[in-house]
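Taken together, the values in this text are just the output of simple stated rules run on the coordinates, not laboratory data. Given the structure is predicted, the values throughout are model-derived calculations rather than measurements. Methodologically, a virtual Cβ is constructed for each residue, glycine included, from the backbone with ideal geometry; neighbour enumeration extends over all protein chains shown.
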Amino acid sequence: MSDTPKIAQAAPFPVDVEEGKSYFWCSCGQSSKQPFCDGSHKGSTFSPVKYTAEATKKVFFCGCKHSAKSPLCDGSHKGL
């Protein structure tokens, strides 16, 4: 695996999150459970990013793995 993340999809993943619950976002792009980690990063320089929901609502997790606001989308996919 390279030091550059794989683009899982060139769009965000909309997810309904629950207040107080933690989610582990895949930063490498290799997970089969996008946008969440399934351990595919093992042996690489990548590690999952923990996100704890502040409220029960829909959030948009980054799908391109290039967001400066990871794990959430900042629109970076539009420039890829």
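Straight-line cross-link partners of LYS33 among the lysines, defined as a Cα under 17 Å from its Cα and at least 8 positions apart when in the same chain: LYS6, LYS42, LYS50, LYS65.
Across the chain, C-alpha contacts under 8 Å between residues 6 or more apart give a mean separation that, scaled by the residue count, equals a relative contact order of 37 percent.
Remark: the chain is approximated by an ellipsoid whose semi-axes, taken from the C-alpha gyration tensor as √(5λ), come to 20, 15, 9 Å, largest first. Under 15 Å of direct C-alpha separation, and excluding same-chain neighbours fewer than eight residues apart, LYS21 reaches these aspartates and glutamates: GLU54. Within region 30-64, list the residues whose amide N lies under 19 Å from a label point set 7 Å along Cα→Cβ of GLU18. Correct set: 35-37, 50-61.
So how strong a dipole does the chain carry about its Cα centre when Lys and Arg Cβ are +1 and Asp and Glu Cβ are -1, to the nearest 20 debye?
My answer is approximately 140 debye.
Other residues whose C-beta falls under 11 angstrom from the C-beta of ALA8 contribute a net charge of +3, scoring Lys and Arg +1 and Asp and Glu -1.
Evaluate E = 1/(1 + (r/R0)^6) for LYS57 and ILE7, where r is the Cβ-Cβ distance and R0 equals 30 Å; express this FRET efficiency to the nearest 0.05.
On the way: r = 26 Å, r/R0 = 0.86.
The formula returns an efficiency of 0.70 here.
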